[in-house]
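Below: the structure, in structure tokens.
The values are calculated or read from the model by the stated rules, or taken from the named source; none is laboratory data. It should be emphasised that the depicted structure is a prediction, and the values quoted were computed from it without experimental measurement. Cβ atoms come from the backbone with ideal geometry, glycine included; neighbour counts cover every protein chain shown.
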Amino acid sequence: METLNVQIESKSENESLARVIVSAFAARLDPTLEEISDIKTAVSEAVTNCVIHGYEEKDGIIFIECTIEENNLTISIKDEGVGIEDIEKARLPMYSTKRDKERSGMGFSFMEIFMDKLTVESELNKGTVVTMIKKIGNIS
Amino acid sequence: MQAKVKNNTLIIYVNGDLDHHNAEKIKDLADMKIMENRIKNVIFDFENSNFMDSSGIGVIMGRYKLVENIGGIICAVNMNQAVKRIFSISGLFKIIRQYDTVQDAMSVIGEEK
């Protein structure tokens with residue numbers, strides 16, 4: 001098993017940094033271009049959620065933990081922000097609590113579409129952890 | 001980010017990833033240009049962009065809502081496979097037209113005037 005642990009400041013500039021770090025780690029599994037772009041999108045959605053929703057664009061730390069086990073990549077992205085009141089609702093496509101900011105409400109849907117498995121755990125005023133798993137080289 | 005105005009069409013040259021960070025910049029730039037120049041149509045040029053996430057959808061949808069009631073159209077050009085995939089999965093192609101180049105989009109807009 002290989003692991004990666006990174007902490008980044010909750011800033012929109014760091015969204016691209018998170019994508020690059022995780023996709024570089026995932027490169028060890030020799031993914032296709034499409035798989036890399038799936039991973040980048042999913043990471044981007046999760047980190048953006050931390051910045052906009054978890055920390056509401058204020059200061060905070062985002063914790064990124066990745067593991068590779070055989071050909072499974074697990075990505076866990078955590079914030080210690082406000083938490084999600086209704087996870088089921090939040091996961092619905094096109095649902096957003098920030099529609100006024102032109103949020104499409106597709107964040108969790110994209111994580112689901114581009115990864116094989118998604119779990120969301122959250123507690124109000126404690127924070128949120130999103131865990132995503134993707135099997136790389138899943139062609140058969 | 002750069003923008004150019006030709007008649008009543010605004011061309012936005014997306015520079016870098018269209019994520020939440022850049023979405024805010026594009027939104028501000030586009031809306032300023034739209035107000036200043038009575039813009040009807042918007043072309044997003046992805047030649048220098050390889051990535052878009054759901055924040056990009058918000059920006060494009062938002063500009064669509066601004067111009068749709070005056071009969072304007074939104075085009076996207078020079079998209080790579082990754083960006084095209086986001087457009088098609090999100091259903092954006094139902095309302096946004098896709099062309100290979102800015103010139104292609106401009107000539108279609110010109111014909112429909």
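Scan region B:6-13 and tell me whether some residue there is under 22 Å from residue A:96 (Cα atoms) and in contact (Cβ under 8 Å) with a residue 40 or more places away in the chain. I'd like the intermediate steps shown before the answer.
Let us first name the residues in region B:6-13 that are under 22 Å from residue A:96 (Cα atoms), namely none.
There is no residue in region B:6-13 that is under 22 Å from residue A:96 (Cα atoms) and in contact (Cβ under 8 Å) with a residue 40 or more places away in the chain.
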Scan of region B:40-73 for residues that are buried (at least 22 other Cβ atoms within 10 Å of the Cβ), aliphatic (A, V, I, L, M) and away from every other protein chain (no Cβ under 14 Å), ordered by number
B:42, B:43
Can you name the residue in region B:79-113 that is surrounded by 15 or more Cβ atoms within 10 Å (Cβ to Cβ) and of a type in the set (Ser, Thr, Tyr) and, of all such residues, is modelled with the lowest pLDDT?
B:90
Number of the exception - residue A:58 against (1) in contact with a Lys or Arg (Cβ under 9 Å, 6 or more places away or on another chain); (2) surrounded by fewer than 16 Cβ atoms within 10 Å (Cβ to Cβ):
(1)
Please verify whether residue A:68 is away from chain B (no Cβ under 13 Å), β-branched (Val, Ile, Thr) and closer than 21 Å to residue A:137 by Cα, treating the condition exactly as stated.
yes
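Being within 13 Å of another protein chain (Cβ to nearest Cβ), in contact (Cβ under 8 Å) with a residue 24 or more places away in the chain and aliphatic (A, V, I, L, M): is that true of residue A:61 here? Full working, then the answer.
Values: within 13 Å of another protein chain (Cβ to nearest Cβ): no; in contact (Cβ under 8 Å) with a residue 24 or more places away in the chain: yes; aliphatic (A, V, I, L, M): yes.
Here the answer is no, as residue A:61 does not meet what is asked.
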Unmet criterion (only one of (1) in contact with a helix residue (DSSP H, G or I) (Cβ under 6 Å, 6 or more places away or on another chain); (2) within 14 Å of chain A (Cβ to nearest Cβ)) for residue B:77
(2)
Quick check on my filter: what residues within region A:1-14 are at pLDDT 95 or above and either away from chain B (no Cβ under 14 Å) or not in a helix (DSSP H, G or I) (or both)?
A:2, A:3, A:4, A:5, A:6, A:7, A:8, A:9, A:10, A:11, A:12, A:13
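Can you tell me which residue is farthest from residue B:65 (Cα to Cα) among those in region A:92-120 that are hydroxyl-bearing (Ser, Thr, Tyr) and at the interface with chain B (Cβ under 9 Å from one of its Cβ atoms)? It would help to see each step written out before you state the result.
Within region A:92-120, the subset hydroxyl-bearing (Ser, Thr, Tyr) is A:95-97, A:104, A:109, A:119.
From what's left, at the interface with chain B (Cβ under 9 Å from one of its Cβ atoms): A:96, A:104, A:109.
On the way: A:96: 17, A:104: 13, A:109: 22 Å.
Ranking the candidates gives A:109 first.
Quickly run through region A:15-42 and pick out the residues that are in contact with a Lys or Arg (Cβ under 6 Å, 6 or more places away or on another chain) and more than 9 Å from chain B (Cβ to nearest Cβ).
Matches in region A:15-42: A:23 only.
Could you please let me know if residue B:12 is crowded, with 16+ Cβ neighbours inside 10 Å and either in contact with a Cys (Cβ under 6 Å, 6 or more places away or on another chain) or away from chain A (no Cβ under 14 Å) (or both)?
Details: crowded, with 16+ Cβ neighbours inside 10 Å: yes; either in contact with a Cys (Cβ under 6 Å, 6 or more places away or on another chain) or away from chain A (no Cβ under 14 Å) (or both): yes.
Criteria met by residue B:12.
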Odd one out for residue A:77 among (1) within 13 Å of chain B (Cβ to nearest Cβ); (2) crowded, with 16+ Cβ neighbours inside 10 Å; (3) at pLDDT 95 or above:
(1)
